[in-house]
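Worksheet: one structure, shown below.
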Amino acid sequence: MQDNDFTITFSGFNEGNSPLAHLDNKTFIGNKGQASDMKADVISKPGFLTQSPALVALTNGTQAGVVSELIKFILDRPTATDVTYGIGATKLFKISSTAVNSGGSPSWPQTITNATSGESVVRLKTNLYAFFNKSSGGDIAKMPLASEIIDHTWGSVTHQALVKAPHPVAVKEDIMLFGNGRYVGVYVEGLAVLDTQKLDFGEGSEVADIVFHANTWWIAVNYGEGKKGQIYMYDASASSSVLSDETGIGDQTIGFLYVKNGILFIAYKDLSSGVFAIGWLRGRELVPSRYFSGTLPDFKQKALYKNTILFNSSTDIWSFGSSVDQLPLQISKLADGGLATLGALASPFGTPMICSSDGGSNHQIMKFSGYSLDSVFKSVLVDTTDGRNLGKIHTVIVKSKALEENAKCEITLEGNQGSATSKMTSNILIYTGTGKTRQVFRAITMLDVEDLRLIINFANGNAVNDCPIREVECMGTYSER
């Protein structure tokens, strides 16, 4: 006799997005724990799906405090205990793990003379260097960390002016390398001259990012209106005017470089297909790893969190990697980024900080805290047919960590690629109850369907106690059609 029963188990949520989620938000491709669309946390509690981190403002961290403009870059390493710095369009900000400094002597935040667009901040020995653009050209401000008194024209007056361009920067011991449009500039602490045009990559080129890795400077450069990328290797001493080697990565635009566990990761846009990806270099080959949707993040928008690389894309924060090395790599939309325009993303004190603006008078610097109610997971679609037979779900079993007070999520089953929803009786299953780890929902009022998608929604959950889901088991029978 034919067995008319079937079971579909949604688990393994730690694998994040389906491989094709960036192209199709109702894809059938992927494991049953992968998402076709999501904004949720699959890294904080490996093996469980739970709510995204919520955002809370730092003290003085909005326009009601001292943040009167979008902070574009935050130094990702503290310069002292609970101290780092960020730069906005016109101001340098002093930031702790809980607040944006206000007042004092000198009075924070400090306005940078003639600045119109802050680009980056870096510490070299006992000084802080702030790169910024002006209405014409660019400059570098220098600030001794002991006095915090800014020399606003250190670059242009003491040495040489910069061009108006993005200015990614990296340091190694007493050497500082920075992007300067088509050039890479070099400054060695203690030497008399800042060379703003040490390396010239030619007309139409622009330096996208710089990192130091494996005793080599790695320089990402985009070329022409199509912004095709190239990666160059440069001697660690930064004394030569000749490059060590180069790697052509094809029809790609480079967003940022990031070194993690001895591997150079690259965020890029594939110009041939228009999709965004993160990959790594294997010899001279760029190996794509995971794909994402939205926008291409730049050197200001990357950080490390729970062993994964965070980055901005459109208005959201994404995670790439695995919280435990033995688990598969994943990519997922982790959290909302705040207001419509995202600026700096950094994690100098371990907890990510995200800066955003509405393009008008509202600006903020937020950090992860608590749990968001703006969280949802939509699985890949799973086929529920057997020849002419369609599937009918009659039982759903939900498993979780032991729930704390007021923890809650709502579970919906969607059939026939979503078109069956309007024909189905209300099918929201509310999973809640202090101490609960398992619940069986019977008598599911759902039509016979040819495919199934699981939707877990945390909109009516709790901002203090989250609802970590381990597994959802859907039991059904086939009916002949």
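A single member of A267, A303 is in a strand (DSSP E or B), among the small types (G, A, S) and more than 17 Å from T253 (Cβ to Cβ), and it is A303. If you go through the stretch 237-263 and keep only what is under 19 Å from F201 (Cβ atoms), touching a residue at least 40 places away in the same chain (Cβ under 8 Å) and surrounded by 15 or more Cβ atoms within 10 Å (Cβ to Cβ), you end up with A238, L243, T253, I254, G255, F256, L257. Remark: pairs (first residue in the stretch 405-418, outside the structural domain of T434 (by TED's automatic domain parsing) and in a loop (DSSP other than H, G, I, E, B); second residue of a type outside the set (S, T, Y) and surrounded by fewer than 19 Cβ atoms within 10 Å (Cβ to Cβ); Cβ separation under 8 Å; 6+ apart in sequence or on different chains) are absent.
Annotation note: of V122, V193, the sole residue that is at pLDDT 95 or above and β-branched (V, I, T) is V122.
Any residue at all in the stretch 8-16 that is more than 12 Å from K333 (Cα to Cα) and either crowded, with 23+ Cβ neighbours inside 10 Å or among the aromatic types (F, W, Y) (or both)? Yes; the residues of the stretch 8-16 include at least one that is more than 12 Å from K333 (Cα to Cα) and either crowded, with 23+ Cβ neighbours inside 10 Å or among the aromatic types (F, W, Y) (or both). Of all residue pairs spaced 6 or more apart or on separate chains, those with beta-carbon atoms under 6 Å, a first member in the stretch 220-231 that is farther than 17 Å from N180 by Cβ and part of a strand (DSSP E or B) and a second member that is among the aliphatic types (A, V, I, L, M) and modelled with pLDDT under 95 are G229/I249. In the condition set (1) closer than 28 Å to P53 by Cβ; (2) out of contact with any strand residue (DSSP E or B) (no Cβ under 8 Å at 6 or more places or on another chain), V259 is compliant with all but (2).
Filtering the stretch 102-129 to residues that are surrounded by fewer than 19 Cβ atoms within 10 Å (Cβ to Cβ) and more than 26 Å from K164 (Cβ to Cβ) leaves S102, G103, G104, S105, P106, S107, K125, T126. When you check G338 against the structure, is it crowded, with 23+ Cβ neighbours inside 10 Å, outside the structural domain of A463 (by TED's automatic domain parsing), out of contact with any Cys (no Cβ under 6 Å at 6 or more places or on another chain) and not in a strand (DSSP E or B), yes or no? Answer is yes for this residue.
Taken over the stretch 365-376, the criterion of being in a strand (DSSP E or B) and either at pLDDT below 95 or among the polar types (S, T, N, Q) (or both) is satisfied by S369 alone. Do you know which residues across the stretch 232-247 are assigned to a strand (DSSP E or B), of a type in the set (S, T, Y) and at pLDDT below 95? The one that is assigned to a strand (DSSP E or B), of a type in the set (S, T, Y) and at pLDDT below 95: T247.
Count of the stretch 26-46 residues, restricted to those that are surrounded by fewer than 21 Cβ atoms within 10 Å (Cβ to Cβ) and farther than 27 Å from H394 by Cα, is 3. Screening the stretch 1-107 for strands (runs of 3 or more DSSP E) wholly inside it with 1 or more residues that are more than 30 Å from I455 (Cβ to Cβ) returns the ranges 53-62, 84-87, 91-95.
Within the stretch 154-170, the presence of a residue that is in contact (Cβ under 8 Å) with a residue 60 or more places away in the chain, touching a His at 6+ places or on another chain (Cβ under 6 Å) and either in the same structural domain as L271 (by TED's automatic domain parsing) or part of a strand (DSSP E or B) (or both) is excluded. Just so you know, in the stretch 363-417 the residues that are out of contact with any strand residue (DSSP E or B) (no Cβ under 7 Å at 6 or more places or on another chain) and of a type in the set (G, A, S) include one that is farthest from L334 (Cα to Cα), and it is G387.
Close Cβ contacts (under 6 Å, 6 or more residues apart or on different chains) running from residues in the stretch 18-42 that are under 28 Å from K401 (Cβ atoms) to residues that are among the β-branched types (V, I, T) and surrounded by 23 or more Cβ atoms within 10 Å (Cβ to Cβ) comprise S18/V380; G30/V380; Q34/V380; S36/V380; D41/T50. Scanning the stretch 377-404 for residues that are buried (at least 19 other Cβ atoms within 10 Å of the Cβ) and either among the polar types (S, T, N, Q) or assigned to a strand (DSSP E or B) (or both) gives F377, K378, S379, T384, L390, G391, I393, V396, V398, S400. Taking the conditions (1) in contact with a Leu (Cβ under 7 Å, 6 or more places away or on another chain); (2) within 16 Å of Y258 (Cβ to Cβ); (3) β-branched (V, I, T) in turn, T341 satisfies each one other than (2). Between L55, L23, L49, the distinction of being surrounded by fewer than 17 Cβ atoms within 10 Å (Cβ to Cβ) and over 21 Å from G391 (Cβ atoms) belongs to L23 only.
The values are calculated or read from the model by the stated rules, or taken from the named source; none is laboratory data. Bear in mind the structure is a predicted one, so any value in this text is a computation, not a measurement. Don't worry about glycine lacking a Cβ; one is built from the backbone with ideal geometry, like all the others, and counts go over all protein chains shown.
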